[in-house]
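Trainee: My questions all concern the structure below.
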Amino acid sequence: MSLASTLREKLLSLLPKLFILSTSKLNDLLKEFPEASTRSTLLILYDDRGKKIGVWLGFENNKPVVRGVDTKNPPYATNEISMHIDTFLKIVKGQLDFRTAYLYDLIDIKSNDGLPETYHLLLWSAYFDKLVEILKK
Amino acid sequence: MISILVTSGKGGVGKSTVAANLALALAEKGLKVSLLDADLMDPVLHLLFNVNKERIREHGKSLLPLKVKINEHEIEFMGLGPFIPRGVGVALNYEKTTSFVITLLKFVRWSGDYLIIDSPPSSIDVNVKLFKELKGRARAVLVGEPHIFALEDNLRMLDLLRFYEIDVRAVVLNKYGFYQGEYVKYVENEYEKLGLRIIKIPWDAELQMGFKPELFKELVEVVIT
């Protein structure tokens, strides 16, 4: 198995949990974070070989959109979050707190809208808390 | 809003205690007070205010400060303490540290008459960033204990504060009476030679983890006039 496919395999292992996040739950999540509708994020996950996968999260026509993107030519997002796939998996599984990962220097955030990166971090922390809570159910 | 830095060249001298009590003493005077715990590596003010894990909230492009109540007085409060897990090591590099400082200083919807800033100890780069942001428009209180090491560290801090045109209103000699010896007088003389007003806060075990705003009335007058 190549390392590139390892990254895909790891992401696939996450799918059962993400399926739990039905549309209604996603809407509940977004109701709690109305400010999210004015923002977009480019989530970049990489593996040990530097292979990257990009996911764009945002809103289009007032509806939440999540889609895979080319990391070499990504669309604009108000902020970008990069982390190793293993870090992401640990966060989503509730094994690692999002803030702790940032404090351990495991996450990089880039701001594209003039706000400090840590401003985005603090908002995303609350979002990940809620996401993990929903996925645990 | 007038910013007041509570700072020190040395850690562990009671900077946070002074900041919290100064904030409460100002509030007791009827002033609206905001308090920022900018000691990012070792935040403790949330413990004094008994603030547990909180969710950050936003209004527009600003974060909303928390509201804490002490002795029936409400104070606006922000810092990293309530938002990061307890006991987790903080391994922030310079960029991340200064980004937090800017977020908490400029992107929080502060509304106090006074913003008390509990700054990190020592003349380190993050303090320089803070001083640059507040250059020419902030007042400061330098906190120390009456002993030689604190004096030496505070001389360096004072030099930076004055270079960045921060108006140093006083030096607080905290835990006064705890240390004995000729050097106590020597320390006081050294500060006096530098034109600093000395405010002595007596050693009081209860004060180290609590509030005694009556001990800070003189300091209040010095920072608001």
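Trainee: Please go through region B:12-89 and write out the GluC sites (Glu not before Pro) that DSSP classes as loop and that have at most 11 other C-beta atoms within 10 Å.
Mentor: Those satisfying the criteria are B:Glu72.
Trainee: Continuing with this model, one more query. Looking at region A:44-131, which trypsin sites (Lys or Arg not before Pro) are in a loop (DSSP not H, G, I, E or B) and have at most 15 other Cβ atoms within 10 Å?
Mentor: A:Arg49, A:Lys72, A:Lys93
Trainee: A further question on this structure: Taking the Cα centre as origin and putting +1 on Lys and Arg beta-carbons and -1 on Asp and Glu beta-carbons, what dipole magnitude results for region B:161-225, to the nearest 20 debye?
Mentor: With only Lys, Arg, Asp and Glu charged at Cβ, the dipole is about 40 debye.
Trainee: Quick one: if the Förster radius is 45 Å, what FRET efficiency do A:Asn73 and B:Ala91 give, using the C-beta to C-beta distance and rounding to 0.05?
Mentor: After rounding to 0.05, the efficiency reads 0.85.
Trainee: Something else now. Pop out the Kirkwood hydrodynamic radius of the protein assembly as shown from its pairwise C-alpha distances, inverse of mean 1/r, in Å to one decimal.
Mentor: Mean inverse Cα-Cα distance, inverted, gives 22.4 Å.
Trainee: Additional query: Could you give the nm distance between label points at A:Gln95 and B:Met209, where each point is 7 Å from its Cα heading toward the beta carbon?
Mentor: Each label point lies 7 Å from its Cα, and together they span 3.6 nm.
Trainee: Rounded to the nearest 20 debye, what is the charge dipole size of the protein assembly as shown about its Cα centre when +1 sits on each Lys and Arg Cβ and -1 on each Asp and Glu Cβ?
Mentor: Approximately 1200 debye in magnitude.
Trainee: If you don't mind, another one. Taking the Cα centre as origin and putting +1 on Lys and Arg beta-carbons and -1 on Asp and Glu beta-carbons, what dipole magnitude results for region B:1-92, to the nearest 20 debye?
Mentor: For region B:1-92, the charge dipole is close to 120 debye.
Trainee: Got a sec? Which residues in region B:6-47 would a label at B:Lys69 touch, if it sits 7 Å along Cα→Cβ and we count backbone N under 16 Å?
Mentor: Only B:28 pass the distance filter.
Trainee: Counting partner chain Cβ atoms within 10 Å of every residue's Cβ in B:76-89, what's the average?
Mentor: 2
Trainee: What share of all Cα pairs of region B:71-136, in percent, falls into each consecutive 5 Å distance bin?
Mentor: Binned Cα distances yield the sequence 3, 13, 23, 26, 18, 10, 5, 1.
Trainee: Tell me, Kirkwood radius of region A:63-137 from alpha-carbon pair distances, in Å?
Mentor: 13.4 Å
Trainee: Charges on Cβ only, +1 for Lys and Arg, -1 for Asp and Glu, centred on the Cα centroid of region A:34-137; of A:Gly94, A:Leu122, A:Thr38, which one is farthest towards the dipole's positive end?
Mentor: A:Gly94
Trainee: Normalised by the residues of region A:37-136, what does the relative contact order come to in percent, with Cα pairs under 8 Å and at least six apart?
Mentor: So the answer I get is 24 percent.
Trainee: If R0 is 51 Å, what FRET efficiency do you get for A:Lys136 and B:Glu192 from their C-beta distance, rounded to 0.05?
Mentor: So, using R0 = 51 Å, E works out to roughly 0.25.
Trainee: Would you mind computing, in nm to one decimal, how far apart the modelled labels at B:Ile124 and B:Lys32 are, each placed 7 Å from Cα along Cα→Cβ?
Mentor: In this crude spin-label approximation the distance works out to 3.4 nm.
Trainee: Using a Gaussian network model of chain B with C-alpha springs under 10 Å, which one of B:Gly89, B:Gly181, B:Gly60 is most mobile by mean-square fluctuation?
Mentor: For chain B, modelled as a Gaussian network with Cα springs under 10 Å, the answer is B:Gly60.
Trainee: Can you give me the P(r) profile for region B:2-224? Cα pairs, bins 10 angstrom wide beginning at 0, each as a whole percent.
Mentor: Result returned by the calculation: 8, 36, 38, 16, 2, 0.
Trainee: Determine the sum of side-chain charges near B:Leu92: Lys and Arg each +1, Asp and Glu each -1, restricted to other residues whose C-beta is under 13 angstrom from that of B:Leu92.
Mentor: Residues near B:Leu92 contribute -4 overall.
Trainee: Further question: Could you calculate the FRET efficiency of B:Phe149 with A:Tyr104 from 1/(1 + (r/R0)^6), where r is the beta carbon distance between them and R0 is 41 Å, rounded to 0.05?
Mentor: In this case the efficiency is close to 0.80.
Trainee: Within straight cross-link reach of A:Lys90, meaning Cα distance under 17 Å, which lysines are found once same-chain residues fewer than 8 apart are removed?
Mentor: A:Lys10, A:Lys17, A:Lys130, A:Lys136, A:Lys137
Every read-out reported here was derived from the displayed coordinates using simple, explicitly stated rules and does not represent laboratory data. Since we're looking at a predicted model, the values are computed, not measured. Neighbour counts are summed over all protein chains in view; Cβ atoms, including those assigned to glycine, are modelled from backbone coordinates with ideal geometry.
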